[in-house]
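The next block holds one structure in the form of structure tokens; read it before the comments.
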Amino acid sequence: MLQVNHIRQYREKVLERLSAKYFMETALVDAVIEKDDLRKRIQSANDEILSRRNLASKEIGALMSKGLKDDAEARKQEVTDLKSKIDRNEQELARLEVEIREVLQRIPNLPHEQVPAGRTPEDNVVVRQWGDTPVLHVGAVPHWDLIKKYGLVDFETGVKITGSGFPLFKGRGAKLQRALIQYFLDSNTEAGYTEYIPPYMVNEASAYGTGQLPDKEGQMYYMPADNFYMIPTAEVPVTNIYRDEILKESDLPILMTAHSPCFRREAGSFGKDVRGLNRVHQFDKVEIVQLVHPDKSYEVLEQMVEHVERLVQSLGLPYRILRLCAGDMSFSSAMTYDFEIYSAAQERWLEVSSVSNFEAYQTNRMKIRFKDAEGRMRLVHSLNGSSLALPRIMAGLLENFQTPDGILLPAVLHRYVGSDRLV
RNA sequence: GGAGAGAUGGCAGAGCGGUCGAAUGCGGCGGUCUUGAAAACCGUUGAGGUGUAAGCCUCCGGGGGUUCGAAUCCCUCUCUCUCCGCCA
């Protein structure tokens, strides 16, 4: 969430950036400032009373030790009288703090100046495009038909075991998925990211830290018996590694990568979006996360985009990189690039990665800070990106590399699959 | 699942209800010494709120209570550790 002091200091700018995002509840901005002003006033008044109480209590101690019982009793009464005031103030303060936090949580991150204006996906800007659309043989089919033909994924049995959207990978399909995970993790660690295998369920505090709670609660699977959430992405456990930590400036940047299954309820999805591997409830993804010095985060965002770009390129999949417009960005992002590959048989673009700079929006919630050269406490910036989402990469590979008599593989995967063709 | 112990500053670890935001050790930072380093010695070193500042206030796992006053007493929740059981 945004910092109150920042909102107060740059009120006009904040309002302007929020309107760029088509965020309509601008009254919330003034509500935060108003409530915080009130909080300050009550806090100061109460501190003054507390100070008097502390002094009186000390004196009571001194009087008692001198045996001046009557004087002590008089002072005791004085303190007792202060108590009701203190109680009232503290209740008011507690209430205000909750209210301020609730309002802050409803205000999204501010889109960076360089983020294109606009509110729908049509307003996203293609910043780069690479690769030629493959010319498929006559009779080429979408990946869901290839999957069936070669027995790579068994959706029906997944339904039997769990429900729709829980694919059962099998044989060469399972092997390809494992190969891709291995390849992505190897590429990431070579680029300097430290590999993690995180927990796949998180507690409330972690889900809150990265912003899944409270607003995206319905997107996560929840285990009420233990109050845990299934992770919707490895970003959640990995970013939370450093929650409530004060880092040294020399610790930065911190580069982390992790593979994990991702669980998403995807309530309300339907139609061609959900055919085959396009959208499922459980899928695998390799994620990269960085915690960086706030002055460096945009530089790092470009580096992360380039890293993901090399990865997609190495798979020989045609892709384009979009800079999302303000209105299409997620709630907590300040700038986002999406990667879309062209899946030739479906003849459509599929999102395979989203790389974002959250600036201090997440780290303010998680209180991930560092001491700078002047000894000031500052929030680090957090960034993350997919490298990459597995099912859609697989869909693209199957469709684009299909031949009349089998499916070939890009060169980088040969050693991981142990062959130059999948089937 | 059963029994017990515990939760204090970056870490380890003290702390008769008032003089404790907290001993001590380690670590960190600065300095003396040294050609340099180590050692030794000296100093310094938690976070948040408010204020131009001095200062004042809050925080010893979370919440509540007793008291003029709580790290210290009581209740409660959560978590961790040890032992037993079960188990990949």
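The values are calculated or read from the model by the stated rules, or taken from the named source; none is laboratory data. None of these values were measured; they are calculated from a predicted model. Cβ atoms come from the backbone with ideal geometry, glycine included; neighbour counts cover every protein chain shown. All accessible areas refer to the heavy atoms of the entire protein, side chains included, with ligands and DNA or RNA removed. Shrake-Rupley method; radii C 1.70, N 1.55, O 1.52, S 1.80 Å.
Which one is farthest from A:ASN89 (Cα to Cα), of the residues in segment A:59-68 that are near RNA strand B (Cβ under 6 Å from one of its atoms) and modelled with pLDDT under 85? Let's see the steps before the verdict.
Taking segment A:59-68 first, the residues near RNA strand B (Cβ under 6 Å from one of its atoms) are A:60-61, A:64.
So of that shortlist, the ones also modelled with pLDDT under 85 come out as A:61, A:64.
Working: A:GLY61: 26, A:MET64: 30 Å.
Only one residue tops the list, namely A:MET64.
Tell me, which strands (runs of 3 or more DSSP E) wholly within segment A:348-392 include 2 or more residues that are in the same structural domain as A:GLU249 (by TED's automatic domain parsing) and charged (D, E, K, R)? Walk me through how you get there before you give the answer.
Numbers: elements: A:348-357, A:369-371, A:377-379, A:381-389.
Correct list: A:348-357, A:369-371.
Residues are listed down the side, and each one gets a yes or a no for (1) in a helix (DSSP H, G or I); (2) at pLDDT 95 or above:
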{"residue": "A:LYS296", "(1), (2)": "yes, no"}
{"residue": "A:MET304", "(1), (2)": "yes, yes"}
{"residue": "A:VAL308", "(1), (2)": "yes, yes"}
{"residue": "A:LEU322", "(1), (2)": "no, yes"}
{"residue": "A:THR336", "(1), (2)": "no, yes"}
{"residue": "A:ILE341", "(1), (2)": "no, yes"}
{"residue": "A:GLN346", "(1), (2)": "no, no"}
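Look at A:ARG39 and say whether it is in a helix (DSSP H, G or I), within 13 Å of RNA strand B (Cβ to nearest atom), over 41 Å from the mean Cα position of the chain (by Cα) and surrounded by 14 or more Cβ atoms within 10 Å (Cβ to Cβ). Explain how you work it out, then say what you get.
Details: in a helix (DSSP H, G or I): yes; within 13 Å of RNA strand B (Cβ to nearest atom): yes; over 41 Å from the mean Cα position of the chain (by Cα): no; surrounded by 14 or more Cβ atoms within 10 Å (Cβ to Cβ): yes.
Considered against the rule, which asks whether it is in a helix (DSSP H, G or I), within 13 Å of RNA strand B (Cβ to nearest atom), over 41 Å from the mean Cα position of the chain (by Cα) and surrounded by 14 or more Cβ atoms within 10 Å (Cβ to Cβ), A:ARG39 comes out as no.
Would you say A:TYR10 is at pLDDT 90 or above, at positive phi and either within 10 Å of RNA strand B (Cβ to nearest atom) or not assigned by TED's automatic domain parsing to the domain that holds A:ILE368 (or both)?
Values: at pLDDT 90 or above: yes; at positive phi: no; either within 10 Å of RNA strand B (Cβ to nearest atom) or not assigned by TED's automatic domain parsing to the domain that holds A:ILE368 (or both): yes.
No, not satisfied.
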Of (1) of a type in the set (Asp, Glu); (2) more than 9 Å from RNA strand B (Cβ to nearest atom); (3) within 23 Å of A:GLY209 (Cβ to Cβ), A:ASP71 fails just (3)
Checking A:ASN46, A:ASN5 in turn, the sole residue that is under 25 Å from the mean Cα position of the chain (by Cα) and near RNA strand B (Cβ under 9 Å from one of its atoms) turns out to be A:ASN5
For A:VAL153, the lone unmet condition from (1) open to solvent by less than 50 Å² (accessible area, probe 1.4 Å); (2) at pLDDT below 95; (3) not polar (S, T, N, Q) is (2)
A:SER187 meets each of (1) within 29 Å of A:LEU324 (Cα to Cα); (2) of a type in the set (Ser, Thr, Tyr); (3) at pLDDT below 90 with one exception, condition (3)
